[in-house]
Amino acid sequence: MILSAAKRLLRILPAAAFCVQVATTQASDVPYVPTPMNVVDAMLGLGAVGPGDFLIDLGSGDGRISIRAATRFGVRGLGVDLDDSLVRTARAAAQKAGVGDGVKFEARNLFDTDLGEATVITAYLLNSVNLRLRPQLFAQLKPGTRIVTHDFHFGDWQPDQKITIDVPDKAYGPPRSDIMLWVIPADFSGVWQWTLPGAGGDVRHEAQLSQKFQVLYGRAAAHNRPVLLADAQVRGDAVSFTLGDAGGVQRYSGRISGNTISGEVSLPGGGRSLPWQATRVRTGKMDIGVAGRGDRAQAVAAGSSIKEQ
Ligand SMILES: C[S@@+](CC[C@H](N)C(=O)[O-])C[C@H]1O[C@@H](n2cnc3c(N)ncnc32)[C@H](O)[C@@H]1O
């Protein structure tokens, strides 16, 4: 009995040792540099962080972003960092600030973290790390989730908003910081149809929409005659655009749910508004670029310095 238990242990030990080795040799993708507190406050402001949000800070360092969000706005959240000692520091700081119940910190790789619960993501990482993260953000986050970064961007995915603030006590580089906001867009691509009442009966409309990140474009027709589709904008699950012809410009706005958009259209000449409902008759696929194909080795090599911008 004792002998067979010992044999089992001998079989398990090498595997356990391997796991410990893997856990302790995960290389940090980004060195630890804390975000100055005035930048933290500006990040929370740009992200419109408020009660009811669940904030995940990717690479949470000493926990300052999550703890500030919790103490100022009662926001719950999670911070993840590869560095065990920083995680312990963050936990202690959260306890001291009285927010230890609502804000958790875990020693784990951000790439192995399920982000689905987040309504807000914050990150002070590197461009190359953000690019590798991009597919994960689109796969796991709900439309409307805000992502706020300090200084580093997501390549050809343009931010929805960007501000620059002075940071006299910045630890490196020029004494200012860029703070950028991205909102995860819903996918509006595909062929949409709807009707509107016209003088001679219902007018059938059709729009063929393509989408790259939050940028929406395409063409449209009313009664099979081309009309000019312009000013298309997507923000989370909300869309707006105009259709124009010689008769004037219709302004559409609505929200998507599955294959339906519900909203309103304001008609030319006098601004009369009508309810609007469109149905997607053919689905498309939002283009989220090719960056971040999982080539981690290449990105780690590219992202070995905090100077990367
Ligand atoms: C520039 S610091 C930002 C710290 C904090 N978010 C702030 O703004 O003050 C980046 C942090 O990411 C952590 N980090 C680097 N690679 C990581 C990874 N793959 N998974 C989790 N954390 C990581 C580092 O240990 C470091 O604490």
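The values are calculated or read from the model by the stated rules, or taken from the named source; none is laboratory data. Worth saying up front: this structure is predicted, and the values here are computed from it rather than measured. Virtual Cβ from ideal backbone geometry, glycine too; neighbours counted across all protein chains shown. These accessible areas exclude ligands, DNA and RNA; they are computed on the full protein's heavy atoms, side chains included. Shrake-Rupley method; radii C 1.70, N 1.55, O 1.52, S 1.80 Å.
Give the residues of the range 76-119 that are within 14 Å of the ligand (Cβ to nearest atom), hydroxyl-bearing (S, T, Y) and more than 11 Å from L58 (Cα to Cα), sorted by residue number.
S85, T89
For residues that are closer than 14 Å to T119 by Cα and of a type in the set (D, E, K, R), tally how many sit in the range 25-76.
3
Every residue in the range 274-293 that is open to solvent by 50 Å² or more (accessible area, probe 1.4 Å) and at pLDDT below 95, please.
Of everything in the range 274-293, those that are open to solvent by 50 Å² or more (accessible area, probe 1.4 Å) and at pLDDT below 95 turn out to be V290, R293.
Can you find a residue in the range 127-140 that is within 14 Å of the chain's Cα centre (by Cα), in the same structural domain as L55 (by TED's automatic domain parsing) and within 30 Å of S273 (Cβ to Cβ)?
no
Within the range 128-159, which residues are in a strand (DSSP E or B) and closer than 20 Å to T35 by Cβ?
Once the filter is applied, which keeps residues that are in a strand (DSSP E or B) and closer than 20 Å to T35 by Cβ, the range 128-159 yields R146, I147, V148, T149, H150, F154.
Going through the range 226-263 one residue at a time, which ones are in contact (Cβ under 8 Å) with a residue 60 or more places away in the chain and within 20 Å of the chain's Cα centre (by Cα)?
Once the filter is applied, which keeps residues that are in contact (Cβ under 8 Å) with a residue 60 or more places away in the chain and within 20 Å of the chain's Cα centre (by Cα), the range 226-263 yields R235, G236, D237, I256.
Say whether the condition of being in contact with a Pro (Cβ under 7 Å, 6 or more places away or on another chain), part of a strand (DSSP E or B), more than 21 Å from R272 (Cα to Cα) and acidic (D, E) is met by at least one residue in the range 160-168.
yes
Out of the residues in the range 49-60 that are touching a residue at least 40 places away in the same chain (Cβ under 8 Å) and assigned to a loop (DSSP other than H, G, I, E, B), which is farthest from A90 (Cα to Cα)?
Filtering the range 49-60 for residues that are touching a residue at least 40 places away in the same chain (Cβ under 8 Å) and assigned to a loop (DSSP other than H, G, I, E, B), the one farthest from A90 (Cα to Cα) comes out as G52.
Every residue in the range 71-97 that is over 20 Å from the mean Cα position of the chain (by Cα) and open to solvent by less than 10 Å² (accessible area, probe 1.4 Å), please.
V87, A90, A94
Just a yes or no: is a residue in the range 120-134 away from the ligand (no atom under 16 Å from the Cβ), crowded, with 21+ Cβ neighbours inside 10 Å and in contact (Cβ under 8 Å) with a residue 60 or more places away in the chain?
Within the range 120-134, none of the residues are away from the ligand (no atom under 16 Å from the Cβ), crowded, with 21+ Cβ neighbours inside 10 Å and in contact (Cβ under 8 Å) with a residue 60 or more places away in the chain.
Name every residue in the range 191-222 that is surrounded by 13 or more Cβ atoms within 10 Å (Cβ to Cβ) and outside any strand (DSSP E or B), in order of residue number.
Those that are surrounded by 13 or more Cβ atoms within 10 Å (Cβ to Cβ) and outside any strand (DSSP E or B): F213, Q214.
Kindly indicate whether T164 is in contact with a strand residue (DSSP E or B) (Cβ under 7 Å, 6 or more places away or on another chain), open to solvent by less than 10 Å² (accessible area, probe 1.4 Å) and either closer than 18 Å to V215 by Cα or β-branched (V, I, T) (or both).
no
Any chance the range 107-115 includes a residue that's among the small types (G, A, S), at pLDDT 95 or above and either part of a loop (DSSP other than H, G, I, E, B) or open to solvent by 10 Å² or more (accessible area, probe 1.4 Å) (or both)?
Yes, the range 107-115 contains at least one residue that is among the small types (G, A, S), at pLDDT 95 or above and either part of a loop (DSSP other than H, G, I, E, B) or open to solvent by 10 Å² or more (accessible area, probe 1.4 Å) (or both).
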